[in-house]
Every structure is written in C-alpha cells, then in structure tokens.
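Below is one structure; the comments refer to it alone.
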Amino acid sequence: MHTVSNTLSNRIKKVTRDNSNFKFQNFKNYISNKYEFEELYKLVKDQNVIDKRTMKKWYSDDTFSVPSRYQILKVCVALSLSIDEAEDFLINGIQSYSFQINDYQEFIYMYAISNSLTYDESAEMVAFFETMLTEDIQFSQSSDTFKLKEIFELHKHDSKENFLKVMIKNMPLFKGYSLSVLNTFKSLMDDIFVYIQQDSEDELKLDLQSTNFDEWKLTTKRNEGETDLQYIERYIHSASRSKKSNVPDKDTLKQISWLAHKAYAAKNKNTNLIKELYSIPPMNLPFDKSLLTDKTLSELLSIGEQKQILVSMKIGLKEAIDGIDEEAIKEYKKKFKSQKQRVHNIQRNDLLPMIHYIATRKYLQQCSDEDTSYNEKAAVKFFEAYANTILDKCQMAHINKAYVMDYILISCFTKDEIYSFADAIEVLQYTYNSF
C-alpha cells in the first residue's frame, strides 16, 4: 500500500472501528428511531409483506443488513404511509432514489399509498397490468417523467379499474428507469474521460521527450488523414525495429502505446474509468457490491435493453404457467432470475465516486485559475455544493457524513491535500482486512 497521510488513515480506521457509521447500519438507526421491532412487525404481519426473521436483521447489531427497495415499498404500502413518508424511507432510510414513476410497479404502489390500499390489493393490480404486457411492446426511450407525474396527479384517486385503464393506455411510458438520471450518469462519465485523456496526453508527451520521437518526426511526414494515434503507432513500429542506441526499450514502447490509446482512442473504454476511480478492485468490504465493475457498468448503460429483455421473459414465463408447461416454466424461471441480475438502476453510490473525482479536479483548477491556495474547508464546501446539485436532479439524499460513502469521500479532503477515492478504498481495504 502506498503512503497516505495519517489523517486519512485515522479517519478510515474510525469508520472500521465504529460499525454504526457504515451505510448498512444507517438503516438500523433510521428504522429504530421510527418503530420498535415488535411494533413494526405487529403493524405489517397480517399483510405478509416480510417475514419476522428478515425484519429482525434490520435491527441487529451483528449484521450489515439493509432492506431491498422492493421490501421497503411493500412495507410502506402495508403501513399506509403517505407519499412523503414513503419517499423518506427510500431516500433517507436506504439511501436510494425517490419513487421511480417510470416503473409500473412503483406507479401502482404510489396509487396504493394514496388510497390506503392493502399490499394484496396493490399486488393484484400489478399482476393484472402484467397480463396486458405483450411481446411487441416497445418502451419509450425519451424522458417521460413529467408526463407520468401529470397522469398520476390527474388520476390518483380514480377507481382501481380506471387507473389501470389509464396505465394500459400509456404502457410504453413505463420503461422502468429514469432517462434523466441515466443521462446525468453518462455526462459524468464523459467528463471523467476528458480528464483521463488529458492526463494521458500530458504523460505521453513527457515520455516521448525522453525518446528519439522528435528526431524521427523530422524525417517522417504524416500521411494524409493520419490521426495522432496512428502516427505514434507508426513511430512505435519503426522504433521497435530500429538498431539505434537512442531508441527506447520494449517496456517503454509498450507504455507509450498504452498511453497513446488512452489519449487518442476514438472510443473510451469503461475499464479505464473503473481503474481511474477505484485503482484496484475492492474486496471484502461491507459495501463492495455497490461499487461499479466493468460488467455492472456495461449492464447499467444498457438498462433500456436489459429491461426490455426482462419484460419479454416475464411474458414468456406467464405463458408457460398458463399452458402448464413444467419444463418451460423451469427454464423461464432460470432465465428470468439470471436476467434480473443484469438489470441495474443507477444508485447513489454509483454517482458519488464520479462526482468526487470531478469536483476535485474542478476545485483544483479553480485554485489554479484564481491563484489561490488549497483549503480543506473550501474544498469540502465545493464538493458538497457540486454533489448536492447533481443529487437533487436525481432525487437522492444530499451529502451526509452519517453515510459511509459520504464520510469516506469527505475524509479524502485533508489539511494539506486531496486524496482520491482509490486511495481511500486501498486504506479501507487494508484496515478492514486487518481486523
């Protein structure tokens, strides 16, 4: 592990020693402040939305247990909470996003909450809507959030039958994810790729200065339409075959080739972004499953396609059940389970490391432009303001040091310098695995 400041190490150690700071324990504190365990279970047990053993884990000091979004939505319906109270559970309780109005299940849960329906009644509505799904349904790939909000406000107190008719009429709008959040995520990715390319190009120029590249350029003209990458690749090919003493060795040429592809490649690689954010793949951390991998990033970016496939499989499963085809049922259940694991809606923890990376770069550039010195408090304030603007757009909770991810990212701002999230992950992994 490379050297980091004692300040960052001590802050990370504090997180590891005090498990109550972890995200997985935040829900325990949240739910405990609202309901005693027996009280909550008594309120929902008749609707059979959650088993007692699972709910007990939410209150346990011995496990890092946080309910799924689906579990929380079922409990909110069973408790007959208001829309605002349910949103608080989602945003502040499990640090997720507000109601996904583009998702037909959540649209129905909103209706159920607004009309004090039981969970069974809402489940029946979901099941009926799903019977109307057909293989040829093509979900909208435009932003329909405001339209769906208008539809909901206009019809939220209709009868169940009329409400479902309105939903069926507008079925293509229920794509199951927020295009606005996805576009925000892609925009953050694009910004990071620009920084990666700039850094790679600067490093490449330094490396080339220590070679005979400038000498080679004097005798080697660019071909018409030749890109920077193609020109450098031609130099590498020439240098690798040269016998001159001032030609770089194979390892140096390999490094130059790698940097050239990062700096000038027409298509950005997701692996470069993952490495830039995390440096090493985190393992054995309480929240490692919430960090992006190359695989989950690819699936997340294709959420529209993944949702469409999932719906098709759901239709196929229903047809197999209706036809009492046991072999087909077994096969569709297997495929459906596998496909469901490929569907990833963008989470708060997906956004925050990218937000931290960009905010850090922007703040340091601002210091350079204004000829001012780095200041820890000013840097944290800049990060929080930038992050909260984006989190507001995504209907997610503001930066809060009580959340483990937020605490770690803020800890990266020390008195003398800013550390990356990758640095923090390395310290946390080393510290956590030492216990």
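What follows draws every value from the coordinates through simple rules; no lab data is involved. Just so it is clear, the structure is predicted and the values come from calculations on it, not from any experiment. Note: ideal-geometry Cβ built from the backbone for every residue, glycine included; neighbour counts use all protein chains shown.
For the chain, the longest principal axis of the C-alpha atoms and the axis of helix 6-17 are separated by about 30°.
Electrostatic bookkeeping for residue 160 treats Lys and Arg as +1 and Asp and Glu as -1; over the other residues with beta carbon under 12 Å from its beta carbon, the sum is -2. Per the Debye calculation on the range 25-179 with a single equal scatterer at every Cα and no solvent contribution, log₁₀ I(q)/I(0) for q = 0.10, 0.13 Å⁻¹ amounts to -0.38, -0.63. If you find the alpha carbon centre of the range 172-210 and of the range 404-429, how far apart are they in angstrom? Each part's Cα centre sits 21 Å from the other's.
Starting with the highest mean, order 192-201, 315-324, 132-141 by the number of other Cβ atoms within 10 Å, averaged over the residues of each peptide.
Ranked from most to least packed, the peptides come out as 192-201, 315-324, 132-141.
About its Cα centre, the chain has a charge dipole of approximately 860 debye under the convention of +1 per Lys or Arg Cβ and -1 per Asp or Glu Cβ, with nothing else charged. Candidates 209, 223, 255 compared by Cα position along the dipole of the range 193-268: farthest toward the positive end lies 223, with charges placed on Cβ.
Axis angle, to the nearest 10 degrees, between helix 23-34 and the longest C-alpha principal axis of the chain: 30 degrees. Greater than 27 Å separation of Cα atoms is the criterion. Which listed pairs, 262/307; 147/393; 147/381; 169/314; 74/314; 165/307, meet it? Over 27 Å Cα-Cα: 262/307; 147/381.
The peptide list 368-375, 153-160, put in order of mean Cβ contacts within 10 Å with the highest first, becomes 153-160, 368-375. Below 15 Å, Cα to Cα, which aspartates and glutamates can residue 340 reach? Residues fewer than 8 away in the same chain don't count. Here the aspartates and glutamates satisfying the reach criterion relative to residue 340 are 103, 299, 305, 331. Rounded, prolate or oblate for the range 302-343? Axes are the square roots of the Cα gyration tensor eigenvalues, ordered a ≥ b ≥ c, and the cut-off for rounded is a/c under 1.5. Judged from the Cα gyration tensor, the range 302-343 comes out oblate (a/c at least 1.5, b/c at or above a/b).
Since only 390, 365, 380 are under comparison, the one whose Cα sits farthest along the positive direction of the charge dipole of the range 287-435, derived from C-beta charges on Lys, Arg, Asp and Glu, is 390.
Given (1) 1.18; (2) 1.68; (3) 1.00 as candidate values of Cα Rg over 2.2 N^0.38 Å, which corresponds to the one derived from the coordinates? Given (1) 1.18; (2) 1.68; (3) 1.00, the structure-derived one carries the label (1). Here the convex hull built on the C-alpha positions of the range 335-435 has a volume of 139 cubic angstrom per residue. Using the Karplus relation 6.51 cos²θ - 1.76 cosθ + 1.60 with θ = phi - 60°, the per-residue 3J(HN,Hα) values for the range 82-91 come to 7, 4, 4, 5, 5, 4, 5, 4, 5, 7 Hz, with x marking Gly and Pro.
Using Cα atoms only, what is the angle between the long axis of helix 250-264 and the major principal axis of the chain, expressed in degrees (0 to 90) to the nearest 10? Helix 250-264 sits roughly 50 degrees off the main axis of the chain. Highest mean packing first, where packing is the average number of other Cβ atoms within 10 Å per residue, the peptides 264-273, 297-306, 85-94 line up as 85-94, 297-306, 264-273.
Give me the distance between the Cα centres of the range 97-169 and the range 293-331, rounded to whole Å. Between the Cα centres of the range 97-169 and the range 293-331 lies a distance of 20 Å.
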